[in-house]
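The values are calculated or read from the model by the stated rules, or taken from the named source; none is laboratory data. Because the structure is a prediction, the values reported are computed rather than measured. Using ideal geometry, Cβ is built from the backbone for each residue, glycine included, and neighbour counts are taken over all protein chains shown.
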Amino acid sequence: MHILLTRAKGSNQVMSEVLTQRGIAHSVTPLLEVQSYCVDIEQKQALNEADIVIFISVNAVIYAEHSGLIPLNQTAQCFAVGSATHHELRKLGIDPQVAVSGQHHSEGLLELDALKLVNNKKITIVRGCGGREWLADVLRNRGAKVEYCEVYQRKMPDYTGQKICQVWQESKVSAILITSGEILSNLIKLVPKESVAWLMSCFIVVPSERVAELAKRAGLSNVINAGSASSEEMLAAVLDITHD
């Protein structure tokens, strides 16, 4: 078993260290590149005036801090999507609300009572440019006034598909960890026709039912839903594979 880690550069260390300690072969190929993004005045104002602030990811926290947007205004309620995002905010002295264990995603966050009664509340979602609209749409349907504060941008790294797939196959990669729909999309775009059969043979470990469904629609069959993008949940899924 050889595991491929695909998070953005700088985000694979924890999993890599754990796999090394357990003697599990792995390699790292970031399939997402993250860069800072200049936040405009309107978005900064929306953040300062928000009743509720939702951080979508660890990168949302990191780049918000880099942009001088943290600390938040003291009256705002803070929420985090995912345990890793929660942990990153705690490091900055912010104690956000987070979905219950096993539901560390946007869908789980919306089950919290505090986000069910949001009529006329001003909500700012801190995220990267061009994320999915589903969370904002649901909150607007509940009567909230939702704005975005986009603090980073994502792009696909500059790889040659044929060359990188050759490296993966020579390394005998047999399981690929995917932590977002965008990383899944980038993987599929990279793999040339002659390597599709290899990709189909790999285990694809994903963080949620939504991403699992995207993988299945793309024709991938060995899809495993870890239930979260956290290192703990992903590791548990990997160990299940290696023990089979």
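Key figures for this structure:
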item: Residue under evaluation Lys189, criteria (1) in the same structural domain as Lys121 (by TED's automatic domain parsing); (2) outside any loop (DSSP other than H, G, I, E, B), criterion not met; result: (1)
item: Scope the range 1-57; condition in a helix (DSSP H, G or I), closer than 21 Å to Ser228 by Cα, touching a strand residue (DSSP E or B) at 6+ places or on another chain (Cβ under 7 Å) and of a type in the set (S, T, N, Q); matching residues; result: Ser16
item: Out of Lys163, Lys122, sole residue that is outside the structural domain of Ile41 (by TED's automatic domain parsing), more than 23 Å from the chain's Cα centre (by Cα) and basic (Lys, Arg); result: Lys163
item: Test: residue in the range 213-227 that is surrounded by 15 or more Cβ atoms within 10 Å (Cβ to Cβ), at pLDDT below 95 and within 20 Å of Pro157 (Cβ to Cβ); result: no
item: Filtered residues of the range 148-186 (kept if assigned to a loop (DSSP other than H, G, I, E, B) and under 21 Å from Leu19 (Cβ atoms)); result: Ser171, Lys172, Val173, Ser174, Ile178, Thr179, Ser180
item: Pairs, first exposed (fewer than 12 other Cβ atoms within 10 Å of the Cβ) in the range 148-173, second not acidic (Asp, Glu), C-beta under 6 Å, six or more apart; result: Lys172/His2
item: From the options Ser57, Ser67, residue that is touching a Lys or Arg at 6+ places or on another chain (Cβ under 9 Å), closer than 18 Å to Cys149 by Cα and crowded, with 20+ Cβ neighbours inside 10 Å; result: Ser57
item: Looking only at the range 188-212, and only at residues there that are within 15 Å of the chain's Cα centre (by Cα) and in contact (Cβ under 8 Å) with a residue 60 or more places away in the chain, the one that is surrounded by the most Cβ atoms within 10 Å (Cβ to Cβ); result: Pro207
item: Unmet requirement for Arg154, which otherwise passes all of (1) modelled with pLDDT of 95 or more; (2) in contact with a Cys (Cβ under 9 Å, 6 or more places away or on another chain); (3) charged (D, E, K, R); result: (1)
item: The range 66-84, subset in contact with a strand residue (DSSP E or B) (Cβ under 9 Å, 6 or more places away or on another chain) and outside any loop (DSSP other than H, G, I, E, B), residue nearest to Ser11 (Cα to Cα); result: Ser83
item: Filter result for the condition that a residue is out of contact with any Leu (no Cβ under 8 Å at 6 or more places or on another chain) and either exposed (fewer than 14 other Cβ atoms within 10 Å of the Cβ) or on the phi < 0 side of the Ramachandran plot (or both), over Ile62, Ile52; result: Ile62
